[in-house]
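Shown next, in structure tokens, is the structure this report addresses.
The values are calculated or read from the model by the stated rules, or taken from the named source; none is laboratory data. The structure presented is a predicted model; accordingly, all values stated were derived computationally and were not measured. When we count neighbours, we look across all protein chains shown, and the Cβ atoms used for this are built from the backbone with ideal geometry, even at glycine.
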Amino acid sequence: MFLQAASALAAAPALPAPANGKIQAGVIGCGARSHELMQHLMSTGGATITAVSDAYTGRMERAVDRVGKQARKVPHYKELIADKSIDAVVIASPDHWHKQMVLEAIAAGKDVYCEKPLTYTSAEGVEIVAAAKAAERIVQVGSQGVSSVTQQKAKEMIRAGKLGKVTLIRAAYNRNTASGAWIYPIPPDASPQTVNWDAFLGPAPKRPFSLERFFRWRCYADYSGGIATDLFVHLCTTIHFLMDAKAPSKVMAMGQLYRWKESRDVPDTLNAVLEYPEGFAVNLSSTFNNQTSAEGGFQILGTEGSITLGGDLTFYPEEAYEDNRWIVESWPKRLEEAYWNDPKVRAAELIGGHKPKLVEGAQKVHATGQDATVTHMAAWLDSIRTRKAHWEDAAAGHRAAACAHMVNRSVAQRRMVEWDFARDDMKA
Ligand SMILES: NC(=O)c1ccc[n+]([C@@H]2O[C@H](COP(=O)([O-])OP(=O)(O)OC[C@H]3O[C@@H](n4cnc5c(N)ncnc54)[C@H](O)[C@@H]3O)[C@@H](O)[C@H]2O)c1
């Protein structure tokens, strides 16, 4: 596939992106997320959406309502990719389609914004990275949190050493609703007349027509990696961004389907441990059965301070004081007295309520400015013009998605899964 793609590109030179005028964009997959993306892309003012493609007619209809009549409805995405007037494509189809659509778009000389997870399997990521590089196409992945003010600030603080040495990150997504568990309402006009079932299935196993599978595809392993590829991938993208890390060397995970048994074949509860060669570990956790703690968030734990990151960022200095009272009270009295008279001890220990000052106080940074997706898409348009890749390029997208695939393999095979840094892929 990749060799074909690269040679097709060599035969047909890539379309140059307009230096000044608006970028002509096509959108493949016009579902829930895509409608947000289209809105945000338009609000950047840097692109015109001239074609939209979807496997359900209702979504194309709404897409044209949203973006304007200059957008052509293209039921078959290959026709959109073949349109030479289109410079760049946004891909927001279900996950099992991403690789094929991204590779075909690259082969046609287009730049790509692909929603997370970039891939459905880890090996697909290796193929996409190679194809994007060979064809010199911009491939940006849509885990937009890294473009938020708070994640940018967190990275700056970690780099500046404000947290000391970070050795543990806890990150979670917790939900307790049917919509949170991806049981979305199905549009009442959905039928074999309005839904192109074969177009949806594409590379997935053949199955009888099912509106549940079509509209709630995240619940089925044929099209999605469940919690890991839907949610953990966001967490891993951010962690790699904050920590300047590429991939975990080792991953262990366990998952169970405790509750939503009638609606899915993927777990509703997932716990994973990831270890990074940079010298830190990560706990990822998700349940769809309780949302007492915030829906999504990070605790970044350093020797001198911590950051909690959800919508807002809060920095807490580490209140870690030596307190050896209970030990020295068992020593001979004269030795205990000498201990407390030592200036070094007095500077470090909690004595009579006196706390030695270790680091500066708490600090809060509110999530401000435009929506992170607008910033993320504006950065994509900049990359198209400057030909300079964004941090979240194909390689970053591949590695974040691969973490999810490692988690799922660990659950399925009940073993530790390792990363091969030389091949930039998970070990078999
Ligand atoms: N970055 C984020 O915060 C974020 C949030 C939600 C979803 N997403 C990602 O966006 C993608 C889409 O998710 P969604 O929630 O919008 O799902 P969705 O089911 O609402 O949308 C997917 C759309 O793709 C269409 N489609 C399926 N096969 C197609 C084909 N062959 N050609 C053209 N269209 C086809 C479907 O008809 C559907 O309208 C997923 O990869 C998901 O992980 C990202």
Looking at the range 187-203, is at least one residue more than 15 Å from the ligand (Cβ to nearest atom), buried (at least 21 other Cβ atoms within 10 Å of the Cβ) and either in a loop (DSSP other than H, G, I, E, B) or under 19 Å from the mean Cα position of the chain (by Cα) (or both)?
no
List the pairs whose first member sits in the range 111-128 and is closer than 19 Å to Val27 by Cβ, whose second member is within 13 Å of the ligand (Cβ to nearest atom) and hydroxyl-bearing (Ser, Thr, Tyr), and whose Cβ atoms are under 6 Å apart, counting only residues at least 6 apart or on separate chains?
Lys116/Ser143; Pro117/Thr229
Residue satisfying condition, being in contact (Cβ under 8 Å) with a residue 40 or more places away in the chain, more than 28 Å from Met254 (Cα to Cα) and assigned to a helix (DSSP H, G or I), within set His376, His390:
His376
Being away from the ligand (no atom under 16 Å from the Cβ) and outside any helix (DSSP H, G or I) is the filter; apply it to the range 127-152 and report the residue that is surrounded by the fewest Cβ atoms within 10 Å (Cβ to Cβ).
Glu136
Given the options Asp230, Asp323, name the one that is within 16 Å of the ligand (Cβ to nearest atom), surrounded by fewer than 23 Cβ atoms within 10 Å (Cβ to Cβ) and of a type in the set (Asp, Glu).
Asp230
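Could you go through the range 226-243 and let me know if any residue there is part of a loop (DSSP other than H, G, I, E, B) and at pLDDT 95 or above.
Just the residues of the range 226-243 that are part of a loop (DSSP other than H, G, I, E, B), to begin with: none.
Checking the range 226-243: not a single residue is part of a loop (DSSP other than H, G, I, E, B) and at pLDDT 95 or above.
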